[in-house]
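Below is one structure, written out as C-alpha cells; comments come after it.
A short reminder: the numbers here are calculations on the coordinates, not readings from a lab. As the structure is a computational prediction, the values presented were derived from the model and not from experiment. Here Cβ is always computed from backbone atoms with ideal geometry, including for glycine, and neighbour counts include all displayed protein chains.
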Ligand code: CS2
C-alpha cells in the first residue's frame, strides 16, 4: 500500500504527520526544481507555516528536467517522508506542503499558467548552479547557451529557468497581475542579485520595455540556504517504507541542522517564515560568505581530495585524521580571515558544528555527488576567498590544494588508473585539456587554467595563484592525495 492522503491515518505513531488539513491548503508558492534539497528545506519551513494556520502557502513543485520526483510523489498526493538522520537514529516525518506536481517539459503551459495565477506570490528555485545558464566567472547570462537561444526563439514554450520566469512575468504584466517575488535557493554568490541580472538581461533580449519593467518591479531577495541532503538510495527507500508500513517511492534523507537566512523584501507578501525558524534580515551577504566559503569551500575540497584518496563519502573522508585536520587548518588559517562574522554569529562554534556535521556517519553523502559541476561551484567556493587572500598579500596553499584536487579529478582518471565519471557542463573542455596534457601535470594545469568561465582573466595571469596550484597538482600526481594531505597538515 502506498503513502497517500487516504493512508495517512495508517502511519505508526512515531512518524510525525502534517499538523493541518492538507486538502484545505492552497498554493501560494511555485517551486522550480523539485529535487531532494527543496523537499528537505524550503518545503519543510512552509509545512510548518501551514501547521500554524497560514494555509495559503502550499507549494506547486515543478521538475524542469527529469520527471522522476514528480512521477514518484504524484501518486502519493504529493506526500513524502523526511528522514532526519543522526547518531540517535532516524526521525521520520511526512510532509504535506507539496500540493501539486508538474513536469515542465511535458506540459510547459501548465507550469506557466500556475506561475501566472494571482494567488501565487513567490516563485522559489533550486535548479542548481548551472540551471541559471550564466557564466560562473562573471555572473552574467550566457547568451550563447543552447537553452537561452531556444527560449529567445520560442518564448512561449521555454526550457530554461530564466525562460520560464520571464514568460510568466510577461503574462502577469499583460494581465495587470502584480509580479511574483523570485527567491533563488541555490548556492550562488549574491544569489538574488545574480538571478536578477540574468533574468533582467534575458527579458531585455526579448523586449527592452519588459527588461525595464523586470528591473523596476520584480523583487529578487537573496537567501542563504543550508542543509546537507545526500541523494536518496534504494536502501533508504526500503528503510523508510518498512518503518511507515506503507511504500514511499521517494523519501528524502537529511541531517538535523537546517538554516535559512532571507533578505526581507517581499513586496506582495510572504509566509510567516520568521515564526518557523528562518532568519529574516536586511543583508544576507555576511551569512552567505560564511556559508559558501566555510561550508561549501571545505565540502568541495574534501570531495575532490577524498575521492582521489579512495573515499566514497564525506564522513569516511573526515574519519581520516589528516583530512579532519586539513579542514580545520583550511578554515582557520586561510578562509576565516576572508569571512566577516555575521551579526551575533560565533565563527568558532560555527566551524566546530560544521566539522561535526561533515563527520555525521549516519549521512552517506558521496564525494562524487559533491564533486559534480565543479566549474559552476569553484568560483564562489574557492576562487572568491583566494582572490581576497591575494588582495591582502596572504598565502593560499591550502585553498590551492583544493583547486589542484579539482584539476586532478576532472582529468578523468583516478590514482589507480580507473576512469572517473566527471559530470559537469564543461566536461568536454576538461577532457580536451586532459587529452592535450598526456598525463603531464604542468600541461594539465595550463589547459584548465585557460578556461575563462572558471578562472576569469585575472587568476591565470597571477603567479601567486598559478605557482601554488601547479605545485599542489604536481604533488598530487607524484605522491597521491592521501600523502599530500598528510604533508599539508604536518607541522
Ligand atoms: C554540497 C552542497 O553538493 C554540494 O556541492 O556542497 O549541496 C551542500 O551539501 C549544501 O550546500 C549544504 O547546505
Roughly how tilted is helix 42-51, in degrees to the nearest 10 and between 0 and 90, from the longest Cα axis of the chain? 30
The stretch 177-318 shape via C-alpha gyration tensor axes, a/c threshold 1.5: prolate
On full extension of the chain, what length is gained from residue 490 through residue 26, given 0.36 nm per residue of separation minus the C-alpha to C-alpha distance? 161.3 nm
For residue 345 paired with residue 446, estimate the spin-label separation in nm (one decimal), with each label point 7 Å from Cα along the Cα-to-Cβ line. 4.1
Label points 7 Å out from Cα along the Cβ direction at residue 328 and residue 156: separation in nm? 6.3
Expected 222 nm ellipticity per residue - DSSP helices of 4 or more, -39500 (n - 2.57), all of the chain, to 500: -12500 deg cm²/dmol
Taking every DSSP bridge whose two residues both lie in the chain, the antiparallel percent to the nearest 5 is 35
Compute the long axis of helix 297-308 from its Cα atoms, compare it with the longest principal axis of the Cα atoms of the chain, and write down the angle in degrees, 0 to 90, nearest 10. 60
Between 0 and 90 degrees, rounded to the nearest ten: what's the tilt of helix 427-437 against the longest Cα principal axis of the chain? 10
Taking neighbour counts of Cβ atoms within 10 Å as a proxy for exposure, in what order, fewest first, do 120, 327 appear? 120, 327
At 7 Å along the Cα-to-beta-carbon direction for both residue 312 and residue 109, put a label point, then send me their distance in nm to one decimal. 4.7
